[in-house]
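Here the structure is laid out as structure tokens; the discussion comes afterwards.
Nothing in this text is a laboratory measurement; each read-out follows from the coordinates by a stated rule. Treat the numbers as computed from the prediction; the structure is a model and nothing was measured. We place every Cβ from the backbone using ideal geometry, glycine too, and count neighbours over all the protein chains shown.
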Amino acid sequence: MSCNQCGDCCRVIVLSRTPEQLAEVVVAGDTVGSAAFIAQHWHPVSSEEALAIFPEYAQSYLDSGHPWHFYTCDQFDPGTNRCLAHETRPPVCSDFPWYGGDPVGRYLHPAYRTCGYRAEQDALIALRRKDGEEV
Ligand code: SF4
Ligand code: SF4
């Protein structure tokens, strides 16, 4: 099981960069290939707006003490939880949540409670423990 389209990872997005810093990445040449899409489609929202949309997720970042910046994506349809840019979404979205790495040990935000990848991660952990691995 993978993405079950719960929509949680698209509801509110958090970045360490401001919109201005993102624009600088685009101008400097983006090696990952997501910055141009992000600069076009992710729009800054206030902490209050982020809290209203996804309280548990936003609050965890506010509690961290780091100056995170909240965004929403204009390609997310909250009525259906679908991505309107599925075919052209950037790597930051299409490679989520493991980004090519081993799912075991990778961070998946606890607010994504029903994410299908969590079940995949839990199953892998259980399997490796059964095989005697320390995970
Ligand atoms: S582009 Fe699609 S997958 Fe990426 S944040 Fe927007 S709605 Fe979500
Ligand atoms: S949180 Fe997981 S299941 Fe939900 S939309 Fe994102 S990838 Fe899909």
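Starting from the amide H of residue 45, placed 1.01 Å from N in the peptide plane, find each other amide H under 5 Å away whose residue is 5 or more places distant or on another chain. Result for residue 45 returns 70, 71, 72. In order along region 77-87, the phi-based Karplus estimate (6.51 cos²θ - 1.76 cosθ + 1.60, θ = phi - 60°) of 3J(HN,Hα) comes to 9, x, x, 10, 6, 9, 8, 7, 10, 3, 6 Hz; Gly and Pro are listed as x. Per the Kirkwood formula applied to alpha carbons, region 9-98 shows a radius of gyration over Rh ratio, Rg over Rh, of 0.96. Under a 5 Å amide H cut-off, with hydrogens placed 1.01 Å from N, residue 3 pairs with nothing among residues at least 5 apart or on other chains.
For region 1-107, applying the loop criterion from DSSP together with a ceiling of 12 other beta carbons within 10 Å to the trypsin sites (Lys or Arg not before Pro) yields 106.
Using a Förster radius of 41 Å, what is the FRET efficiency between residue 130 and residue 24 based on their Cβ-Cβ separation? Nearest 0.05, please. It comes out at approximately 0.30.
Here the Karplus relation 6.51 cos²θ - 1.76 cosθ + 1.60, evaluated at θ = phi - 60°, turns the backbone of region 60-72 into coupling constants of 4, 6, 5, 6, 5, x, 7, x, 6, 10, 9, 9, 10 Hz, with x for every Gly and Pro.
In sequence order, region 93-101 has phi-based couplings of 9, 5, 8, 5, x, 9, 6, x, x Hz under the Karplus curve 6.51 cos²θ - 1.76 cosθ + 1.60, θ = phi - 60°, and Gly or Pro positions carry x. In this structure the amide hydrogen of residue 54, modeled in the peptide plane, comes within under 5 Å of no amide hydrogen from residues 5 or more places off or on another chain. From the alpha carbon centroid of region 28-92 to that of region 98-135 is 23 Å. Mean residue ellipticity, 222 nm, helices only, the chain: the sum of -39500 (n - 2.57) across DSSP H runs of n ≥ 4, divided by residue count and rounded to 500, is -11000 deg cm²/dmol. Computed over the chain with a Gaussian network model linking Cα atoms closer than 10 Å, the most mobile of 56, 120, 20 is 20. In the chain, a dipole from Cβ-located charges (positive for Lys and Arg, negative for Asp and Glu) runs towards its positive end, and of 93, 132, 44 it is 132 whose Cα lies farthest in that direction.
Expressed as an acute angle from 0 to 90° and rounded to the nearest 10, what is the orientation of the C-alpha long axis of helix 19-28 relative to the principal long axis of the chain? Rounded to the nearest ten degrees, it is 90. Comparing mean-square fluctuations of 86, 43, 66 from a GNM of the chain with C-alpha springs under 10 Å, the top value falls on 66. For the options 12, 32, 92, a Gaussian network treatment of the chain with springs between C-alpha atoms closer than 10 Å singles out 32 as fluctuating the most.
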